[in-house]
Amino acid sequence: MKSKLLDIFNRRHACHLFQADRPLTAEDIDFILEAGRLSPSSFGLEPWKFVVLTSQHDKLALQHACFQQPQVGTASVVIVVLAKLAEMDPDSEYLRRLMSREYPGDALDAALKNYRAFHAATDVKAWSEHQCHIAAANMMTAAAGIDIDSCAIGGFDPAEVRRILGFDPVRRHPALILAFGYCAQAPGEKQRLPLDELVEYR
Ligand SMILES: Cc1cc2nc3c(=O)[nH]c(=O)nc-3n(C[C@H](O)[C@H](O)[C@H](O)COP(=O)(O)O)c2cc1C
């Protein structure tokens, strides 16, 4: 199991050009989305939405918003991970509904009070966005596990993405764009710092 997992982490790489004529199946897309859905989140608030684009028209429009990065237009599927903003408000119905799963019954009011203080002291956009990155990483790793390639794309114009997808900036913020498909290029050698440069045992 350990070596299988490490193989998957090693296999995943940023693909910069996909085989445009090799689509993913609906089952594969669902599998990838499920990996995102099952991701952990702060307070269990699942601060993400996954917008799935499969039409060539939409992918090319989005490629334009990603400074013409060709992996967007050639990918079989592009998933835009949107961070929820408005739902994170302590007075939202969504917040109450999700918090009541972790804090049922009488525990809810105290939890909401704590959350209100946390929310006031937090950069909600950054907090929500960081968690979207966790879901995104899980989706890319899951894809690699079934031999599907991916690329995380942070290089985009958020205003353009918003214009193309038509969402309310008060409610949503584009956290990351994920391109999935079968890579048209062989991966380069994995470049990573060694553990002894990254890890400090105390
Ligand atoms: C948050 C984030 C944003 C990224 N944005 C881009 C991007 O806009 N374009 C791109 O080609 N790669 C992008 N990448 C991929 C990285 O360049 C790539 O993961 C890194 O160079 C390591 O290479 P590897 O993933 O092949 O191991 C992004 C990765 C992350 C995590």
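The table below gives the values:
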quantity: Hey, residue 152 near the ligand (Cβ under 10 Å from one of its atoms), of a type outside the set (Ser, Thr, Tyr) and closer than 27 Å to residue 89 by Cα or not; calculated: no
quantity: Failed item in (1) part of a strand (DSSP E or B); (2) surrounded by fewer than 18 Cβ atoms within 10 Å (Cβ to Cβ), with residue 64 passing the rest; calculated: (1)
quantity: Within the stretch 85-141, considering residues that are within 25 Å of the chain's Cα centre (by Cα), part of a loop (DSSP other than H, G, I, E, B) and of a type outside the set (S, T, N, Q), the one surrounded by the fewest Cβ atoms within 10 Å (Cβ to Cβ); calculated: 121
quantity: Subset of the stretch 32-79 (residues that are of a type in the set (A, V, I, L, M) and either at positive phi or within 13 Å of the ligand (Cβ to nearest atom) (or both)); calculated: 62, 65, 72, 75, 78
quantity: Residue satisfying condition, being among the hydrophobic types (A, V, I, L, M, F, W, C) and farther than 27 Å from residue 31 by Cα, within set 118, 167, 180; calculated: 118
quantity: Residue match in the stretch 150-167 (condition: over 21 Å from residue 40 (Cβ atoms), in contact with a Gly (Cβ under 8 Å, 6 or more places away or on another chain), assigned to a loop (DSSP other than H, G, I, E, B) and modelled with pLDDT of 95 or more); calculated: no
quantity: Residue in the stretch 12-29 that is modelled with pLDDT of 95 or more and under 23 Å from residue 172 (Cβ atoms) present; calculated: yes
quantity: Count of the stretch 168-184 residues which are farther than 21 Å from residue 32 by Cβ and either in contact with a Cys (Cβ under 7 Å, 6 or more places away or on another chain) or of a type in the set (A, V, I, L, M, F, W, C) (or both); calculated: 1
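Quick grid of which residues meet (1) within 17 Å of the chain's Cα centre (by Cα); (2) small (Gly, Ala, Ser):
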{"site": "41", "(1), (2)": "yes, yes"}
{"site": "44", "(1), (2)": "yes, yes"}
{"site": "48", "(1), (2)": "yes, no"}
{"site": "54", "(1), (2)": "yes, no"}
{"site": "67", "(1), (2)": "no, no"}
{"site": "71", "(1), (2)": "yes, no"}
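The values are calculated or read from the model by the stated rules, or taken from the named source; none is laboratory data. No experiment lies behind these values; they were computed from the predicted model shown. As a convention, Cβ positions derive from the backbone with ideal geometry for all residues, glycine included, and neighbour counts pool all protein chains shown.
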